[in-house]
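Single-structure report; data block below.
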Amino acid sequence: MEYLSLANSAGMWVACILPVGVLILLCVIFYRKAMASGREMGMTRETLMVGFNAALISSIGPSLAIVIGMLALVVNMGAPFAWLRLSYIGSIMYELMMADFGAQAVGTTLGAADFGQKAFANGVWIETVCSLGWIAVAAVATPRLEVLRKKMAGGNIAFLPILTSACMLGAFAYLSASKILAGHGSTWAWIIGAVCMTSLLVISRKMKKTWIAEWSLGVSMLVAMCIAALV
Amino acid sequence: MDAEEIYSKKFLPGIMKWGALLLWVGLVFSFAPSMYLLFHGIFPGWAAIGKGFGLGFAAVGVMWFVEPFSYFPVLGIPGTYLAFLSGNISNLKLPCTAVSQEAAGVEGGTSQGGIIATIAMVVATIVATVLIFIGAVGLASVVKYFPPFLIKATTFVLPAIFGAIFGQFLLSNVTLGIIALAIAITLTLVKVIPGWGILVITIVAMIIISRVLFQKGLLGKSKSKE
């Protein structure tokens with residue numbers, strides 16, 4: 001396990017801060033542009049801040065879930081690289097899978113006793129190169145996709161929000177299907193999450209209380225996870 | 001200029017310029033850890049990298065193309081740049097964006113929705129980066145004190161989030177929601193199509209069905225053509 005002192009070294013932290021810095025820069029630029037253009041478009045400061053707060057509250061739960069799930073990655077790949085990969089491009093499933101493929105390619109597996117320096121280095125390479133496609137496709141295709149989206153609406157701008165809902169329902173129906181079919185706690189978590197969320201949003205809309213909507217995802221997630229763990 | 005014009009003529013061009021530029025810079029910079037190891041004389045060799053890449057490409061190569069296309073109508077231009085550099089899309093970025101739009105009272109797919117989506121994704125990215133940093137530094141020493149109940153509860157985080165967000169969009173359109181779920185569950189049960197194929201088929205089917213229903217005036221607010 002000698003490689004871990006290198007994997008957790010100050011130099012490795014610096015190497016990981018560089019790419020995260022690019023992401024933070026992108027965030028700062030996009031945030032300032034969105035705030036300025038939003039105001040110019042006639043959106044009130046309150047509206048923008050409600051959006052900000054809702055994202056702040058809603059992102060804590062899913063982020064903590066990532067933190068708890070990242071243990072295997074921290075233990076095997078070191079803290080700086082685990083941090084980079086999970087806040088940069090990937091997700092826990094992807095990173096663990098790629099780290100394991102990297103290890104398999106040098107004849108071991110992730111977490112095995114003989115998982116050493118070479119397996120670690122290959123994991124770093126594989127996790128990196130296998131994620132390049134997403135960045136490249138997004139960089140090249142994004143402006144073209146907007147043209148395609150407008151074309152799908154056939155010149156009727158009122159259809160675009162419906163198109164968005166339809167695609168969101170499609171994407172989350174796909175993500176949900178295997179979770180619903182998994183049975184036991186997974187099925188319960190899905191059903192309770194859905195019931196809790198719809199109830200909170202109906203109450204929020206009826207009472208015109210946006211703070212209920214801001215907390216809706218965090219609360220629904222927590223209630224669904226706890227009940228699912230009990231059954 | 002009206003809101004629509006400010007969004008498409010002022011906001012988006014700057015986003016596309018910086019988004020594309022920083023994604024390419026980010027792509028190059030993501031090699032920093034590999035280069036650091038190389039600097040210390042540690043290199044797994046091209047054969048090992050090639051073999052690992054082969055396995056990885058077989059597993060996720062299709063998703064490079066499927067995901068940006070499938071999520072674009074939801075993420076929009078700024079969201080797509082941010083999401084595919086920062087990751088954790090279905091479990092963090094999409095849910096946060098959807099809830100922010102709901103709370104702010106704007107619709108996804110509109111200009112105002114695009115502004116809120118950008119703010120929401122930035123906030124979610126920063127929160128995740130900070131919390132994951134704290135987790136990476138302190139996790140290994142703290143995790144053994146977690147009660148087993150908490151560990152068990154976290155295994156249900158994905159179904160809980162997916163159920164909640166599906167429920168939110170079901171409210172805006174019950175018919176489309178039931179159709180989407182019926183398609184996805186049927187295809188998942190049949191087990192002949194790989195996961196990415198189910199995603200593509202479900203999304204394409206939803207685009208076609210929603211358009212047909214909209215043109216027939218069967219979907220909610222069918223405003224007059226602009």
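Since every read-out is calculated from the coordinates, none of them should be taken as a lab result. All values reported here derive from a predicted model rather than from experimental measurement. Neighbour counts run over all protein chains shown; Cβ positions are idealised from the backbone, glycine included.
Of note:
- For the residues B:PHE65, B:PHE162, B:PHE84, the requirement of being facing another protein chain (nearest Cβ under 7 Å), under 25 Å from A:CYS130 (Cα atoms), buried (at least 24 other Cβ atoms within 10 Å of the Cβ) and within 14 Å of the chain's Cα centre (by Cα) singles out B:PHE84.
- The residues on offer are B:ALA98, B:ALA120, and the sole one that is touching a Cys at 6+ places or on another chain (Cβ under 9 Å), under 27 Å from A:ILE212 (Cβ atoms) and surrounded by 24 or more Cβ atoms within 10 Å (Cβ to Cβ) is B:ALA120.
- Residue that is farthest from the other protein chains (Cβ to nearest Cβ), among those in the stretch A:114-157 that are over 15 Å from B:PRO73 (Cβ atoms) and not in a helix (DSSP H, G or I): A:ASP114
- Within the stretch A:182-192, tally of residues that are in contact with a helix residue (DSSP H, G or I) (Cβ under 6 Å, 6 or more places away or on another chain) and hydrophobic (A, V, I, L, M, F, W, C): 4
- Scanning the stretch A:73-113 for residues being hydroxyl-bearing (Ser, Thr, Tyr) and assigned to a helix (DSSP H, G or I) gives a total of 3.
- Of all the listed residues (B:THR155, B:THR97, B:THR125), the sole one being out of contact with any Gly (no Cβ under 6 Å at 6 or more places or on another chain), more than 7 Å from every other protein chain (Cβ to nearest Cβ) and over 24 Å from A:GLU40 (Cα atoms) is B:THR155.
Quick grid of which residues meet (1) facing chain B (nearest Cβ under 7 Å); (2) surrounded by 24 or more Cβ atoms within 10 Å (Cβ to Cβ):
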{"position": "A:ALA173", "(1), (2)": "yes, yes"}
{"position": "A:SER178", "(1), (2)": "yes, no"}
{"position": "A:LEU181", "(1), (2)": "yes, no"}
{"position": "A:THR187", "(1), (2)": "no, no"}
{"position": "A:ILE191", "(1), (2)": "yes, no"}
{"position": "A:ARG205", "(1), (2)": "no, no"}
{"position": "A:TRP211", "(1), (2)": "no, no"}
{"position": "A:SER216", "(1), (2)": "yes, yes"}
{"position": "A:ALA224", "(1), (2)": "yes, yes"}
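Residue-by-condition table, conditions (1) among the polar types (S, T, N, Q); (2) in a helix (DSSP H, G or I); (3) in contact (Cβ under 8 Å) with a residue 12 or more places away in the chain:
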position: B:PHE65; (1), (2), (3): no, yes, no
position: B:PRO73; (1), (2), (3): no, yes, yes
position: B:ILE77; (1), (2), (3): no, yes, yes
position: B:LEU82; (1), (2), (3): no, yes, yes
position: B:LEU85; (1), (2), (3): no, yes, yes
position: B:LEU92; (1), (2), (3): no, yes, yes
position: B:GLN101; (1), (2), (3): yes, yes, yes
position: B:GLU107; (1), (2), (3): no, no, no
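- Filtering the stretch B:1-51 to residues that are assigned to a loop (DSSP other than H, G, I, E, B) and either in contact with a Ser or Thr (Cβ under 9 Å, 6 or more places away or on another chain) or over 30 Å from A:MET41 (Cα atoms) (or both) leaves B:SER30, B:PHE31, B:HIS40, B:GLY41, B:ILE42, B:PHE43, B:PRO44, B:GLY45.
- Exactly one residue out of A:TYR88, A:TYR94 is surrounded by fewer than 24 Cβ atoms within 10 Å (Cβ to Cβ) and of a type outside the set (Asp, Glu): that is A:TYR94.
- Only residues that are of a type in the set (Val, Ile, Thr) and within 22 Å of A:ARG149 (Cα to Cα) were counted in the stretch B:98-145, giving 6.
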